[in-house]
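Taking it in order: structure first as structure tokens, then the write-up.
The values are calculated or read from the model by the stated rules, or taken from the named source; none is laboratory data. The structure presented is a predicted model; accordingly, all values stated were derived computationally and were not measured. Cβ: placed from backbone, ideal geometry, glycine included. Neighbour counts: every protein chain shown. These area figures cover heavy atoms from the full protein model, side chains too; ligands, DNA and RNA do not enter into them. Shrake-Rupley method; radii C 1.70, N 1.55, O 1.52, S 1.80 Å.
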Amino acid sequence: MTDRARHEWWQTAVIYQIYPRSFKDTTGNGVGDLAGIIDRLSYLADTLGVDAIWLSPFYPSPMADFGYDVSDYRDVHPLFGDLATFDRLVARAHDAGLKIVIDFVPNHTSDQHPWFIESRSSRDNPRRDWYVWRDPKPDGSPPNNWLSVFGGSAWEFDEHTGQYYLHSFLREQPDLNWRNPELRAAMLDNMRFWLDRGVDGFRVDAVHFMMKDPAERDNPPNTDLGLFAHKPMGAYDAQLHRYDKGHDDLHGVFRDMRAVLATYDPPRMSLGEIHIYDPVELASYYGTDLDELSMPTNFGLFKAPWTAEGVRAVVDGLEAAVPAGGWPNYSLGNHDDRRLASRLGEAGSRQAAVLLLGLRGAPILYYGDELGLREVEIPPDRLQDPWSRAAPHLGRDGCRTPMPWSPEPGAGFTAAGEPWLPLGDDHRTRNVQMQLADPDSLLNLYRRLLQLRRTSGPLRLGSYRPLDAVPAHCLAFVRELGAERALVALNFSAAPVTIDLPTPGGRIVVSTQRTHEGSDVGRTLRLAPHEAVIVA
Ligand code: NOJ
């Protein structure tokens, strides 16, 4: 296809996030593994029809934060397999036409990583400066007021050497010091290790934390709690996180990373995790010469009210801010947030599918959202996530439960009696097998949308133009590529609406209400309550 030649792969790709522990268990221990992902490649490439998979961490790890505490950047945790299995996964995925994106965790290691064990062994250890060690204040208290995302101070006192180390997340996740040139070089080499094995890109964890204020000033208090209303994080919200992350020196780090990715042919991708809701600030991380992150993640739709105005404000804001040649991205689910279907409900899940696959930019889908998986209520004795211990409402286990493939016990996920997290109560009816058999299922809606996106130039690469003259509670936009166009329209209200079209004609190709598909559209487009359609 000609456009493939002129665009980077991630500009035409739909990315699907897999939480490896929960996708498919082939060993019968109740935990998913890499062989399980190989087993399901045909589901991903052929049945569903995505273009790339992003794997959450599978590295050796004590699992204090379920793999986001890496103890070896160059291996696979035996729970998930080994390097040979990983190589097989890359080869088979590529054979199936899928790109492989892996999570890379540069801000911190595990406290069991050999670097940290060395670093904490003495003040004059050559690796001391690879982490952030500081003297206590004269009264013995931590060097400043910075807080850990997961609760409490971000500083942990080390009796043995009499200094504090910094941890922006758990105390088992000490922050690396990216200002140290040797550390920086070692981490870039760790990226090369995986690029040389054929990975097509990285989702880069918590990148915004990698550079802090060099003067390490106290954070100011936050007087506007509304700032975090979409996800209140307790004491952490009591500060404005001005100095503990987001220092301008990040740009240099991102340029170094991009330079590594650019040495490969074709260039590899970085999707950097950044929670910034000001699109202009977010867009600065593409780099003035598009030489920083390939894409900073955009979480705007998580925060937006699920209304026509709310969604449009996010999309228009991002469209205006992303530099020419930069590429937006959108997601509505991941391993850190409440399940999409629990936030938006049944009708909202269906609209979200049309929206995500209709927008300009890379759609990022979270495993199981194509089935409308709900947040699962986890009994207290089965909670796993450390965050749920600090603050129960922040626990992330409910969105990390096993993928239900079929109605049998274990849901086709595992042959073990008990998976590592419980399956949702509805797994006997909400699973891949049964949804494939139901033409009106959410899964089949996703399949039709993915199929359409694959074959539609305007949906993959066309421009974005919102329509202003639409009734209240409606969002409609046109995607245009040369003479071809597609129209995406969503009705957020519980009443039918009629939209006058600037350019009449076309056919409803995909609708949240399947029986409307194939209808010709004239000068007006009629949408049923909560309906979303693509007209082409
Ligand atoms: C963001 C990841 O998505 C989350 O799961 C993790 O706990 C933190 N970063 C720390 O690595």
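Restricting attention to segment 352-379, and to residues there that are over 28 Å from GLU8 (Cα atoms) and out of contact with any helix residue (DSSP H, G or I) (no Cβ under 6 Å at 6 or more places or on another chain), which single residue is surrounded by the most Cβ atoms within 10 Å (Cβ to Cβ)?
Going residue by residue through segment 352-379, those that are over 28 Å from GLU8 (Cα atoms) are 371-379.
Subsequent filtering for residues that are out of contact with any helix residue (DSSP H, G or I) (no Cβ under 6 Å at 6 or more places or on another chain) retains 373, 377, 379.
Values: LEU373: 29, GLU377: 10, PRO379: 7.
Ranking the candidates gives LEU373 first.
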Practice problem: Quickly run through segment 205-219 and pick out the residues that are within 16 Å of the ligand (Cβ to nearest atom) and either open to solvent by 10 Å² or more (accessible area, probe 1.4 Å) or over 25 Å from SER56 (Cα atoms) (or both). | Solution: ASP205, HIS208, PHE209, LYS212
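Is it the case, given these coordinates, that PRO422 is within 22 Å of GLY333 (Cα to Cα) and over 22 Å from the mean Cα position of the chain (by Cα)?
The answer is yes for PRO422.
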Quiz item: Out of curiosity, is PHE58 within 30 Å of ASN177 (Cα to Cα) and touching a residue at least 60 places away in the same chain (Cβ under 8 Å)?
Solution: no
Self-check item: Qualifying residue in segment 328-337 (condition: over 29 Å from ARG21 (Cβ atoms), of a type outside the set (Phe, Trp, Tyr), more than 16 Å from the ligand (Cβ to nearest atom) and in a loop (DSSP other than H, G, I, E, B))
Solution: yes
Quiz prompt | Hey, GLY358 modelled with pLDDT of 95 or more and either within 14 Å of the ligand (Cβ to nearest atom) or of a type in the set (Gly, Ala, Ser) (or both) or not | solution = yes
Quiz item: Which of the residues belonging to segment 88-103 are acidic (Asp, Glu) and surrounded by 13 or more Cβ atoms within 10 Å (Cβ to Cβ)?
Solution: ASP103
Quiz item: Any idea how many residues of segment 297-316 are over 15 Å from GLY358 (Cα atoms) and open to solvent by 20 Å² or more (accessible area, probe 1.4 Å)?
Solution: 7
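Those residues that are of a type outside the set (Val, Ile, Thr) and under 21 Å from ASP316 (Cβ atoms), I need them from segment 354-401; list them, please.
LEU355, LEU356, LEU357, GLY358, LEU359, ARG360, GLY361, ALA362, PRO363
Among the residues of segment 306-314, is any outside any helix (DSSP H, G or I) and more than 16 Å from the ligand (Cβ to nearest atom)?
yes
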Exercise. List every residue pair whose Cβ atoms lie under 8 Å apart, where the two residues are 6 or more positions apart in sequence or sit on different chains, the first residue falls within segment 516-530 and is more than 9 Å from GLY506 (Cα to Cα) and open to solvent by 40 Å² or more (accessible area, probe 1.4 Å), and the second residue, located anywhere, is among the acidic types (Asp, Glu) and not in a strand (DSSP E or B).
Key: HIS516/GLU531
Exercise. Scan TYR73, TYR43 and give me the residue that is of a type in the set (Ser, Thr, Tyr) and either farther than 30 Å from LEU452 by Cβ or more than 21 Å from the chain's Cα centre (by Cα) (or both).
Key: TYR73
Quiz item: Can you find even one residue in segment 147-164 that is more than 16 Å from the ligand (Cβ to nearest atom) and among the aliphatic types (A, V, I, L, M)?
Solution: no
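May I ask you to say which residue of VAL535, VAL510, VAL497 is out of contact with any helix residue (DSSP H, G or I) (no Cβ under 6 Å at 6 or more places or on another chain), surrounded by 14 or more Cβ atoms within 10 Å (Cβ to Cβ) and closer than 18 Å to SER456 by Cβ? It would help to see each step written out before you state the result.
Details: VAL510 fails: out of contact with any helix residue (DSSP H, G or I) (no Cβ under 6 Å at 6 or more places or on another chain); VAL497 fails: closer than 18 Å to SER456 by Cβ.
After ruling out the rest, the residue left standing is VAL535.
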Practice problem: Hand me the list of strands (runs of 3 or more DSSP E) wholly inside segment 428-529 holding 3 or more residues that are of a type in the set (A, V, I, L, M, F, W, C) and in contact with a Phe, Trp or Tyr (Cβ under 9 Å, 6 or more places away or on another chain). | Solution: 474-481, 484-491
Quiz item: ARG447 is checked against (1) closer than 29 Å to ALA321 by Cβ; (2) touching a helix residue (DSSP H, G or I) at 6+ places or on another chain (Cβ under 7 Å) and fails just one. What number does that condition carry?
Solution: (1)
Exercise. Residue by residue through segment 166-200, note down the ones that are within 16 Å of the ligand (Cβ to nearest atom) and open to solvent by less than 20 Å² (accessible area, probe 1.4 Å).
Key: LEU166, HIS167, SER168, GLN173, PRO174, ASP175, LEU176, TRP178, MET187, ASN190
